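**Student:** Mind looking over this structure? Questions follow.
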Amino acid sequence: MRKLSIILIPLALAGCEAMEIRESQKAPLSQQIDEGRGVASAVCANCHGLDQQDALRADTPALRYVLNNYDADTLHENFEEGLKVGHPDMPQFHFGPLGADVLLTYLKSIQEPEPAEG
């Protein structure tokens with residue numbers, strides 16, 4: 001049992017240190033937004049537009065309105081795990097935790113209320 005403790009304690013400490021390093025090396029907000037915009041430009045813009053552009057497909061929301069229709073935390077989980085919602089030919093994406101973080105940070109930075117119909 002003592003040998004197991006000798007092995008596990010350094011591993012646990014290494015894990016804590018890695019979490020602290022990740023937090024301390026977190027990019028500034030402007031960099032996260034830029035990185036998220038890059039992700040959106042590469043995988044979302046062809047259908048949803050970019051920044052304040054309108055959607056390029058009638059069956060998709062513009063990116064600037066996405067969070068009017070989806071809960072940000074749920075969308076983050078979907079981005080992280082593999083998103084498959086929306087129009088029938090929407091590809092499935094797996095962004096991982098950091099990709100989901102930056103993409104959602106970008107989306108939050110461009111959100112607008114949807115215009116009233118009428």
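Here, each number is a calculation from the coordinates, and none is a lab measurement. Note that the structure is predicted; figures quoted are calculated from it, not measured. Counting neighbours? That spans all protein chains shown, and the Cβs are built from the backbone with ideal geometry, glycine included.
**Student:** Grab the Cα-Cα distance for Thr74 and Gln53, subtract it from 0.36 nm times how many residues apart they are, and report the gain in nm with one decimal.
**Tutor:** Values: separation 21, 0.36 × 21 = 7.56 nm, distance 2.41 nm.
Length gained, Thr74 through Gln53: 5.2 nm.
**Student:** Further question on the same structure: Can you list residues whose amide H is under 5 Å from Phe93's amide H, if they're 5+ apart or on another chain and H is modeled 1.01 Å from N?
**Tutor:** The answer is Leu83.
**Student:** Is the range 64-117 rounded, prolate or oblate when judged by the Cα gyration tensor, a ≥ b ≥ c being the square roots of its eigenvalues, rounded requiring a/c under 1.5 and prolate requiring a/b larger than b/c?
**Tutor:** Note, shape of the range 64-117 comes out oblate.
**Student:** Work through the residues other than Val39 whose Cβ is under 15 Å from its Cβ and net out their charges, Lys, Arg +1 and Asp, Glu -1.
**Tutor:** Working: positive: Arg37, Lys108; negative: Asp34, Glu35, Asp51, Glu80, Asp101.
Summing Lys and Arg as +1 and Asp and Glu as -1 gives -3.
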